[in-house]
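A short worksheet on the structure shown next.
The values are calculated or read from the model by the stated rules, or taken from the named source; none is laboratory data. Remember, predicted model here, so these are calculated numbers, not experimental data. Note that each Cβ is placed from the backbone with ideal geometry, even for glycine, and that neighbours are counted across all protein chains shown. With ligands, DNA and RNA removed, areas are computed over all heavy atoms of the protein, side chains included. Shrake-Rupley method; radii C 1.70, N 1.55, O 1.52, S 1.80 Å.
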Amino acid sequence: SIRSQLLPGRIQHVPSKVSGKVVIAFVFTGQGAQWPGMGYGLIQQYQVVRETMQTLQSALDALPIPPAWRLVEELSRSTDQSRMHETALAQPLSTALQIALTVLLRSWGVQAQAVVGHSSGEVAAAFSAGLLTISEAIAVAYFRGIAVTKYGKPGAMMAVGLGAEEMQALMRNQ
């Protein structure tokens, strides 16, 4: 199966159902998948998302060093005015949206039995798993964005379109 090709020896059995219910996993993205205006329609359309954003903003405002920007204001900016590409904003904004989406899905009765996050997406995954409160999660994302901006090194990620065996062969030859 494709699962065993991707993660040999790590996955023994992945049930498609548990106790007659569909198993749902949430995958949370890190910085890089964001774009100006993302999620703003959710804020406009759903009261629970607006309330979650207010809760997140209140948590940010209560920090010893609160941001000079506002979540909803930044998410509503047009492409030419957006600062979404700035790491210090991208990480907490993306995390805030992923938290709000998690809360929205929960309000509909949709809960994850498994979560995974990449990079700053790990913060939203930890919230979804119940390991961080909403206030802790947004604080971690906010300070992580500041730390990466201040101490991070320039770089990029790469996606490689090879299977595990092909990649292992290439690595052995290097």
Exercise. Taking the highest mean first, how do the peptides 136-144, 69-77 order by number of other beta carbon atoms within 10 angstrom per residue?
Worked result: 136-144, 69-77
Problem set entry | Calculated Rg and Dmax of the chain using C-alpha coordinates, Å | 18.5, 56
Seminar exercise, completed: Using alpha-carbon positions, the gyration tensor of the stretch 28-78 gives root eigenvalues a ≥ b ≥ c; with a/c under 1.5 called rounded, otherwise prolate if a/b exceeds b/c, else oblate, the class is oblate
Problem set entry | Accessible-area composition of the stretch 67-174, carbon plus sulfur, in percent [1.4 Å probe] | 56 percent
Exercise. How large is the dipole of the chain about the Cα centre if only Lys and Arg carry +1 and Asp and Glu carry -1, each at its Cβ, rounded to the nearest 20 debye?
Worked result: 360 debye
For this session: Classify the stretch 81-174 as rounded, prolate or oblate, taking a ≥ b ≥ c as the square roots of the eigenvalues of its Cα gyration tensor: rounded when a/c is under 1.5, otherwise prolate if a/b is larger than b/c and oblate if not.
Result: oblate
Exercise. Between LEU105 and VAL23, what is the spin-label point distance in nm, taking each point 7 Å from the Cα along the Cα→C-beta axis?
Worked result: 1.6 nm
Problem set entry | Solvent-accessible heavy-atom area per residue, rounded to whole Å², over the chain at 1.4 Å | 64 Å²
Problem set entry | Cα lying deepest toward the dipole's positive end in the stretch 29-141, options GLN31, HIS118, ALA100, charges on Cβ | ALA100
